[in-house]
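Structure record follows, encoded as structure tokens.
The values are calculated or read from the model by the stated rules, or taken from the named source; none is laboratory data. Values in this document were obtained by computation on a predicted structure and should not be read as measured data. Here Cβ is always computed from backbone atoms with ideal geometry, including for glycine, and neighbour counts include all displayed protein chains. Accessible surface areas use protein heavy atoms only, side chains included; no ligands, DNA or RNA. Shrake-Rupley method; radii C 1.70, N 1.55, O 1.52, S 1.80 Å.
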Amino acid sequence: MQKEGLSPNHLKKAKLMFFYTRYPSSNMLKTYFSDVKAAGPCVIRTPEMFVVTPLHSTVKWGYKKMASNDCHPKKEFNRCITSQLIKWFSNFREFYYIQMEKYARQAINDGVTSTEELCITRDCELYRALNMHYNKANDFEVPERFLEVAQITLREFFNAIIAGKDVDPSWKKAIYKVICKLDSEVPEIFRSPNCLQELLHE
DNA sequence: AGAGCCCCTG
DNA sequence: CAGGGGCTCT
């Protein structure tokens, strides 16, 4: 019997999925986490349902109105789950990009001048940091494609910094725009509720 | 309005 | 990772 809400295993699964997709759509997430269920009616603790006093923000009033017109605990639950998954990937990206920038600056400080010198291999420091974060148990075979994307990302940061683009507060936006195009298909196995067992035991 | 993303915090 | 504010786009 699967417990309600997102479990530690779901988190682990999400992290492995990050190796394929950095920017999953909410619809995609819904299909890959369709096994997440609500335990029962009205157990969902969303901000909408907590709002009782209209003494504060108008935004909360809007939520309350929404809840009264459309009070479907199930839908509220799914909405909540989806946004939590979206949040997870947002956090994943944050870590990812922070590592990339750090490593790129470090390379520059170390005297690297050519982007050709920056390669992501399975034994390099950056890869180990990423693997430690998304695949801590190291029981999953990280797809080669991820290494390519990571390398592209690293070089993107490197070139931007070398070109002095980091003086612009929003200089990373351009990089994000490039990276979001590099998502690959997530293997079908991930749709299975028991994908972790299937993935890690082969 | 609502969904998302990012940034900064804790 | 979760919270919360700010900004964008639909």
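Scanning the stretch A:11-24 for residues that are open to solvent by 50 Å² or more (accessible area, probe 1.4 Å) and away from DNA strand C (no atom under 11 Å from the Cβ) yields a single hit, A:Tyr23. If I filter the stretch A:47-57 for residues that are assigned to a loop (DSSP other than H, G, I, E, B), open to solvent by 20 Å² or more (accessible area, probe 1.4 Å), at pLDDT 50 or above and out of contact with any Ser or Thr (no Cβ under 7 Å at 6 or more places or on another chain), do I get at least one hit? There is no residue in the stretch A:47-57 that is assigned to a loop (DSSP other than H, G, I, E, B), open to solvent by 20 Å² or more (accessible area, probe 1.4 Å), at pLDDT 50 or above and out of contact with any Ser or Thr (no Cβ under 7 Å at 6 or more places or on another chain).
So, in the stretch A:133-151, exactly how many residues are assigned to a helix (DSSP H, G or I) and surrounded by 15 or more Cβ atoms within 10 Å (Cβ to Cβ)? Within the stretch A:133-151, residues that are assigned to a helix (DSSP H, G or I) and surrounded by 15 or more Cβ atoms within 10 Å (Cβ to Cβ) number 6. Set side by side, the residues A:Lys87, A:Lys37 differ, and just one is closer than 30 Å to A:Trp171 by Cβ and at pLDDT 50 or above, which is A:Lys87.
Looking across the stretch A:173-191 at every residue that is in a loop (DSSP other than H, G, I, E, B) and touching a helix residue (DSSP H, G or I) at 6+ places or on another chain (Cβ under 6 Å), the one that is most open to solvent (accessible area, probe 1.4 Å) is identified as A:Ser184.
Suppose we filter A:Asn109, A:Asn27, A:Asn69 for residues that are open to solvent by 90 Å² or more (accessible area, probe 1.4 Å), over 24 Å from A:Asp183 (Cα atoms) and at pLDDT 95 or above; which single one remains?
After applying the criteria, what remains is A:Asn109.
Inspect the stretch A:154-172 for any residue being under 17 Å from A:Tyr20 (Cβ atoms), in a loop (DSSP other than H, G, I, E, B) and more than 18 Å from the chain's Cα centre (by Cα) and give the result as yes or no. No, that holds for no residue. Cβ separations smaller than 8 Å between residues 6+ apart or across chains give the following pairs from the stretch A:81-96 residues that are of a type in the set (A, V, I, L, M) to residues that are open to solvent by 40 Å² or more (accessible area, probe 1.4 Å) and part of a helix (DSSP H, G or I): A:Leu85/A:Ser26; A:Ile86/A:Ser26.
Restricting the search to the stretch A:83-133, which residues are of a type in the set (Phe, Trp, Tyr) and farther than 30 Å from A:Asn27 by Cβ? Within the stretch A:83-133, A:Tyr103, A:Tyr127 meet the criteria.
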